[in-house]
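Shown next, in structure tokens, is the structure this report addresses.
The values are calculated or read from the model by the stated rules, or taken from the named source; none is laboratory data. Every value quoted in this text rests on a predicted model; they were computed, and no experiment measured them. A quick note on method: Cβ atoms are made from the backbone with ideal geometry, for glycine too, and the neighbour counts reach across all protein chains shown.
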């Protein structure tokens, strides 16, 4: 009986250990190249007026350049914005949003690159490739590898 108990106990210990060990590491996702989304962004933007783009792969349209007070990486910004996926589904919007008190450097790369292009009172449309948005991970309301669009009015820079 003692041997049977030890065998059962040993089995439980071994099974417990095996159930707690890590599975082989699953490789992290890899973002698509920024240029992979260019055609999608251009098509979404339509033909109303040409899009500008920079060497980072960010596409944008400045509607109003605003004044000389532009945000930098350490700025808190107050904005109005609407955010859409490429199927025109709105996944976020805000009026007079302080973006949670976030510094610009804490936001997605597309915002970090786009917002310094305008000053207070300005309006910009950001057409952001997935690699400059939430990439291969996605986020709530934004599937992995999704391009996103933001129509943003910069109200204040602190």
- Any residue in segment 38-49 that is under 15 Å from residue 155 (Cβ atoms), over 14 Å from the mean Cα position of the chain (by Cα) and in contact (Cβ under 8 Å) with a residue 40 or more places away in the chain? no
- Task: Could you grab me the full set of residues in segment 39-57 that are touching a strand residue (DSSP E or B) at 6+ places or on another chain (Cβ under 7 Å) and assigned to a loop (DSSP other than H, G, I, E, B)?
- Result: 49, 51
- Message: Tell me yes or no: at least one residue of segment 111-126 is modelled with pLDDT under 95 and part of a strand (DSSP E or B).
- Response: no
- Message: Would you confirm whether or not segment 84-93 contains a residue that is in a loop (DSSP other than H, G, I, E, B), within 16 Å of residue 110 (Cα to Cα) and either in contact with a helix residue (DSSP H, G or I) (Cβ under 9 Å, 6 or more places away or on another chain) or without any contact (Cβ under 8 Å) to a residue 60 or more places away in the chain (or both)?
- Response: yes
- residue 158, sole failed condition from (1) surrounded by fewer than 20 Cβ atoms within 10 Å (Cβ to Cβ); (2) over 23 Å from residue 36 (Cα atoms); (3) modelled with pLDDT of 95 or more: (3)
- Message: Just checking, does segment 97-106 include any residue being surrounded by 13 or more Cβ atoms within 10 Å (Cβ to Cβ), at pLDDT below 95 and more than 29 Å from residue 28 (Cβ to Cβ)?
- Response: yes
- Item | Residues satisfying the stated conditions in segment 140-158, i.e. more than 12 Å from residue 85 (Cβ to Cβ) and assigned to a strand (DSSP E or B) | 151, 152, 153, 154, 155, 156, 157
